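**Q** Sending over a structure as structure tokens; questions will come in a sec.
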Amino acid sequence: MIDSHCHLDEERYGADLPEVMERARAAGLSAMICIGSGHDLTSARASVSLAARAADVYATVGIHPHDVARMTEADWVELGDLVKRPRVVGVGETGLDYFYDHSPRDTQRAAYRRFVALARQHGKPLSSHIRDAHEDAATILREERAAEVGGVIHCFTGGVEDARRYLDLGHHLSFSGIMTFKNAQPIRDAAVFAPLDRILVETDAPFLAPVPHRGKRNEPAFLVHTIAALAELRGIGVEEAAAATARNARRLFALE
Ligand SMILES: [Zn+2]
């Protein structure tokens, strides 16, 4: 199993991060992609350094769409350096969030275009956070030719029509613990609709713990519940769902 999106640099895993990682390994995870994207570059730097220390952790680098309004040119310069570091396998999370609108929408769009350009320049795939902005996101991914490097819509929260749009653009979809929530039927429909070779799974830990841990601090070991839900929805074995989603993550992020 591979957790394609978790935030192990978060302050919530202070002293017990080693135990959290041990529980993930014991649960059968072979790799974790630590998403280095926060308010500023602290998260990117921390993720790059964690990936350098742990053989089963890889990193991505970015700034969350919430916070792009505060980005400086110096941030872009440093990102251009961080993305070249060893074991940095992608750019993100980047994207558009029109639900919270913490940064103005035109600023979010401009930054997202620039992140796609950065990904193409370095030949690394994108990890995108898209909330209530599927149409604009698809337009940007198409116009900026994101298909050249590919990517994943992390924690996918759209329905079948949104899924179709991203799949047509050559993107993957990643499903999180939200898939196990009662009111998430459109997301489950999309998880059945998408071809199995385009599906990734993630915890987005420490956020969004799946049932039966809903409301608690999430951690990569809980990925098993999301994989079990995916297997049941698609009528396949848990082993097959685990192997397929791990294979997809390895291919997309070119993991060793
Ligand atoms: Zn995230």
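**Q** Identify, please: which residue in segment 203-218 is within 13 Å of H5 (Cβ to Cβ) and open to solvent by 10 Å² or more (accessible area, probe 1.4 Å) and is, among those, nearest to the ligand (Cβ to nearest atom)? Before the answer, list the steps.
**A** At the first step, the residues of segment 203-218 found to be within 13 Å of H5 (Cβ to Cβ) are 203-208, 218.
Still in the list and also open to solvent by 10 Å² or more (accessible area, probe 1.4 Å): 204, 207-208.
Working: D204: 5, F207: 7, L208: 9 Å.
Per the criteria, the residue is D204.
**Q** Out of curiosity, is T226 in contact (Cβ under 8 Å) with a residue 24 or more places away in the chain, surrounded by 19 or more Cβ atoms within 10 Å (Cβ to Cβ), in a loop (DSSP other than H, G, I, E, B) and in contact with a helix residue (DSSP H, G or I) (Cβ under 6 Å, 6 or more places away or on another chain)? Even if it seems obvious, please write down each step before you answer.
**A** Working: in contact (Cβ under 8 Å) with a residue 24 or more places away in the chain: yes; surrounded by 19 or more Cβ atoms within 10 Å (Cβ to Cβ): yes; in a loop (DSSP other than H, G, I, E, B): no; in contact with a helix residue (DSSP H, G or I) (Cβ under 6 Å, 6 or more places away or on another chain): yes.
No; evaluated as a whole, the condition is false for this residue.
**Q** State all residues of segment 31-43 that are open to solvent by 20 Å² or more (accessible area, probe 1.4 Å) and of a type outside the set (D, E, K, R); if no residue qualifies, say none.
**A** The initial filter retains those residues of segment 31-43 that are open to solvent by 20 Å² or more (accessible area, probe 1.4 Å), namely 39-40, 42.
The answer is H39, T42.
**Q** What's the number of the condition Y112 fails, among (1) assigned to a helix (DSSP H, G or I); (2) open to solvent by 30 Å² or more (accessible area, probe 1.4 Å); (3) within 16 Å of the ligand (Cβ to nearest atom)?
**A** If we test Y112 against (1) assigned to a helix (DSSP H, G or I); (2) open to solvent by 30 Å² or more (accessible area, probe 1.4 Å); (3) within 16 Å of the ligand (Cβ to nearest atom), just (2) comes out false.
**Q** If you check V91 against the conditions, is it outside any helix (DSSP H, G or I) and either at pLDDT 95 or above or closer than 15 Å to V116 by Cβ (or both)? Talk me through it step by step, then tell me what you get.
**A** Numbers: outside any helix (DSSP H, G or I): yes; either at pLDDT 95 or above or closer than 15 Å to V116 by Cβ (or both): yes.
Yes, satisfied.
**Q** Separate question: Would you say M1 is touching a Gly at 6+ places or on another chain (Cβ under 7 Å) and away from the ligand (no atom under 16 Å from the Cβ)? Explain how you work it out, then say what you get.
**A** Numbers: touching a Gly at 6+ places or on another chain (Cβ under 7 Å): yes; away from the ligand (no atom under 16 Å from the Cβ): yes.
Considered against the rule, which asks whether it is touching a Gly at 6+ places or on another chain (Cβ under 7 Å) and away from the ligand (no atom under 16 Å from the Cβ), M1 comes out as yes.
**Q** Which one is farthest from H171 (Cα to Cα) among residues in segment 92-102 that are open to solvent by less than 50 Å² (accessible area, probe 1.4 Å) and within 16 Å of the ligand (Cβ to nearest atom)?
**A** Going through segment 92-102, the residues open to solvent by less than 50 Å² (accessible area, probe 1.4 Å) turn out to be 92-98.
Cutting the leftovers down to within 16 Å of the ligand (Cβ to nearest atom) gives us 92-97.
Numbers: G92: 14, E93: 15, T94: 14, G95: 14, L96: 16, D97: 18 Å.
The selected residue is D97.
**Q** What pairs can you find where one residue is in segment 103-131 and farther than 19 Å from Y166 by Cβ, the other is basic (K, R) and open to solvent by 70 Å² or more (accessible area, probe 1.4 Å), and their Cβ atoms are less than 7 Å apart, with a gap of 6+ or different chains?
**A** Between residues of segment 103-131 that are farther than 19 Å from Y166 by Cβ and residues that are basic (K, R) and open to solvent by 70 Å² or more (accessible area, probe 1.4 Å), the close pairs are H122/K84.
**Q** Okay, moving on. Provide a single number: the residues in segment 11-22 that are within 26 Å of L230 (Cβ to Cβ), open to solvent by 50 Å² or more (accessible area, probe 1.4 Å) and within 16 Å of the ligand (Cβ to nearest atom). Spell out the reasoning first.
**A** Restricting attention to segment 11-22, the residues satisfying the condition of being within 26 Å of L230 (Cβ to Cβ) are 12-13, 20-22.
After this cut, where a residue has to be open to solvent by 50 Å² or more (accessible area, probe 1.4 Å) as well, the list is 12, 22.
Remaining after also requiring within 16 Å of the ligand (Cβ to nearest atom): 12.
Going through segment 11-22 one residue at a time, the tally reaches 1.
**Q** Which condition from (1) in contact (Cβ under 8 Å) with a residue 40 or more places away in the chain; (2) assigned to a helix (DSSP H, G or I); (3) open to solvent by 20 Å² or more (accessible area, probe 1.4 Å); (4) over 19 Å from Q185 (Cβ atoms) is the one that A254 breaks?
**A** (2)
**Q** Next up: Please find, among A26, A46, the residue that is open to solvent by 10 Å² or more (accessible area, probe 1.4 Å) and within 15 Å of the ligand (Cβ to nearest atom). Please lay out each step first, then the result.
**A** Working: A26 fails: within 15 Å of the ligand (Cβ to nearest atom).
Just a single option satisfies the conditions, and that option is A46.
**Q** How many residues, within segment 144-169, are in contact (Cβ under 8 Å) with a residue 12 or more places away in the chain and among the acidic types (D, E)? Spell out the reasoning first.
**A** First pass over segment 144-169, keeping only residues in contact (Cβ under 8 Å) with a residue 12 or more places away in the chain: 144-160, 162-167, 169.
Then drop every residue that is not among the acidic types (D, E), which leaves 144, 148, 162.
Count: 3.
The values are calculated or read from the model by the stated rules, or taken from the named source; none is laboratory data. These numbers were taken from a predicted model, which means no experiment stands behind them. As a convention, Cβ positions derive from the backbone with ideal geometry for all residues, glycine included, and neighbour counts pool all protein chains shown. Side chains are part of the model used for accessible areas, which takes the heavy atoms of the whole protein and leaves out ligands, DNA and RNA. Shrake-Rupley method; radii C 1.70, N 1.55, O 1.52, S 1.80 Å.
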